[in-house]
Amino acid sequence: MFGLFKKKKKAEAGMKLRGFPGDLSTVKCLVMAAEKEVKLETELLDTQAGEQDQADYRGLSPFGKHPYLQEGDAVAIGAEAGLAYLDTRGKGFLNPKKAQHFGHQNYWAQVAETISTPVESLLHAAAFGSTADADATELVEVGLNAFDAALTGKKLIVGEYSYADVHWTAVAHFLVLAGKQDMIDSRANTKAWYDKVKQRPSYASLPSLEDIKQKQLNAA
């Protein structure tokens, strides 16, 4: 129930994503779907209201992991499984062509994951008026400093747009929506990278701050 339990699916079945616009994992799947030119139907999972902990959703995802991606009888739960499944669908593949880049890609995807909670804390403070975690800004700064250093002499993280860029695109988007674009602009390498990725068609598909406030998860 925590990943891809079946690869085959009916050709006529549509793909549906159940998630929340203020959830980084959901937004990462939206980025990947847009990059792969995969059309997604969407259904709101209101994590602000605790729907991930309700019995009907726990029947699908026992520990409340989200988002929930389904195509026919194929199911992928959570960002890692969802991104892997989406990468098998649609146009091309986002894994690096050079084997030596796989570890680098995966490491920076993991770094993005380590700052997900503080990034979401800052975003939710802007969208819902909640109080951001006391150390949220400091933790994000640490991650961004490392990311900026890793981008020295590079346009993208591993040469071509990859899984790592998907993770950091979602992070950067949330920081901008949270009113923290200065955290990006104050780092020359990160700013150059962000200026590049925000020109990709996939960036235009991401939720606005108003979408998040209204809990509106748009189809992709």
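The values are calculated or read from the model by the stated rules, or taken from the named source; none is laboratory data. In this text the structure is predicted, and so the values were computed from the model without any measurement. A quick note on method: Cβ atoms are made from the backbone with ideal geometry, for glycine too, and the neighbour counts reach across all protein chains shown. Surface accessibility is based on the protein's heavy atoms, side chains included, excluding ligands, DNA and RNA. Shrake-Rupley method; radii C 1.70, N 1.55, O 1.52, S 1.80 Å.
Tabulated values for the structure
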| quantity | calculated |
| --- | --- |
| Residues located in the stretch 176-207, provided they are surrounded by fewer than 13 Cβ atoms within 10 Å (Cβ to Cβ) and either farther than 22 Å from TYR161 by Cα or modelled with pLDDT under 95 (or both) | ASP182, SER186, PRO201, ALA204 |
| Residue among ALA136, ALA170, ALA149 that is open to solvent by 60 Å² or more (accessible area, probe 1.4 Å), touching a residue at least 12 places away in the same chain (Cβ under 8 Å) and of a type in the set (A, V, I, L, M, F, W, C) | ALA149 |
| Spans of helices (runs of 4 or more DSSP H) in the stretch 114-220 with at least 2 residues hydroxyl-bearing (Ser, Thr, Tyr) | 116-128, 163-177, 188-197 |
| The stretch 64-103, residues that are among the aliphatic types (A, V, I, L, M) and open to solvent by less than 60 Å² (accessible area, probe 1.4 Å) | LEU69, ALA74, VAL75, ALA76, ILE77, ALA79, ALA81, LEU83, ALA84, LEU86, LEU94 |
| Criterion: more than 18 Å from the chain's Cα centre (by Cα), at pLDDT 95 or above, open to solvent by less than 60 Å² (accessible area, probe 1.4 Å) and not hydrophobic (A, V, I, L, M, F, W, C) - qualifying residue of SER61, SER116 | SER61 |
| Conditions (1) surrounded by fewer than 17 Cβ atoms within 10 Å (Cβ to Cβ); (2) more than 29 Å from MET15 (Cα to Cα); number of the one not met by LEU144 | (1) |
| Failed condition for GLU120, given (1) in contact with an Asp or Glu (Cβ under 9 Å, 6 or more places away or on another chain); (2) among the acidic types (Asp, Glu); (3) outside the structural domain of THR169 (by TED's automatic domain parsing) | (3) |
